[in-house]
Amino acid sequence: RIGSGSSLTANGDANLQVDMASLAYKWWIGQGNDVFGIGLGAGYYRARLDVNAAATLNGTAGTFSESYTEKAWAPLVELGWKHAFSKDFRLYAEASGMKKNWGRVTGHIYSAAVGAEWYPLANLGIGADYGITRINIDRNGGGTINDANLDIRLKGPSAYVKVRF
């Protein structure tokens, strides 16, 4: 209880950083203008949370600072379709997903995109797509204070510089 004439000031902040990466190889099946692909690989994700707080009550100060980091590898599956209008211009649809359901950190990341790519040069091109990504990561820390859940949905356009070999 803070009595009359008491002074309390407090501030705090939290910073969340999520990093994702994947490495996969995709095999393309088919001939002609339409090909289908299936890819296998691995995905990596890391989530870091930094929490800082400070308070002063009647001239007595206190601080709190804590960082939590979780990271994991998971198997990755990719599916794709490409339609070539010419050797330089293609439309495509892609979907991928990774899921980890063992250990202290579990979750999944699913994504899908529809786009186009154009290669004005033999090995260098540009691409644009519209994509949707769902990220859901759970941390079981053994108690409610150490448990965490990250649930993010991303969607929107992207542009790329592409290199082909």
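Computed from the coordinates by the stated procedures, all read-outs in this text should not be read as laboratory data. What you see is a predicted model, and the numbers here were worked out from it, not measured in a lab. Positions of Cβ are backbone-derived with ideal geometry, glycine not excepted, and every protein chain shown enters the neighbour counts.
Some notes on this structure:
- Looking across the range 44-94, the residues that are under 18 Å from the mean Cα position of the chain (by Cα), closer than 30 Å to LYS26 by Cβ and either of a type in the set (Ser, Thr, Tyr) or not in a strand (DSSP E or B) (or both) come down to TYR44, TYR45.
- For GLY97, the stated conditions hold: it is without any contact (Cβ under 8 Å) to a residue 60 or more places away in the chain, farther than 30 Å from ALA122 by Cβ and in contact with a Leu (Cβ under 9 Å, 6 or more places away or on another chain).
- Restricting attention to the range 84-101 and to residues that are in contact with a strand residue (DSSP E or B) (Cβ under 7 Å, 6 or more places away or on another chain) and under 23 Å from ASN136 (Cα atoms), the residue that is surrounded by the most Cβ atoms within 10 Å (Cβ to Cβ) turns out to be MET98.
- The set of residues in the range 1-31 being surrounded by 10 or more Cβ atoms within 10 Å (Cβ to Cβ) and either β-branched (Val, Ile, Thr) or outside any strand (DSSP E or B) (or both) consists of VAL18, GLY30.
- Count of the range 58-83 residues which are among the hydrophobic types (A, V, I, L, M, F, W, C) and loosely packed, with under 15 Cβ neighbours inside 10 Å: 3
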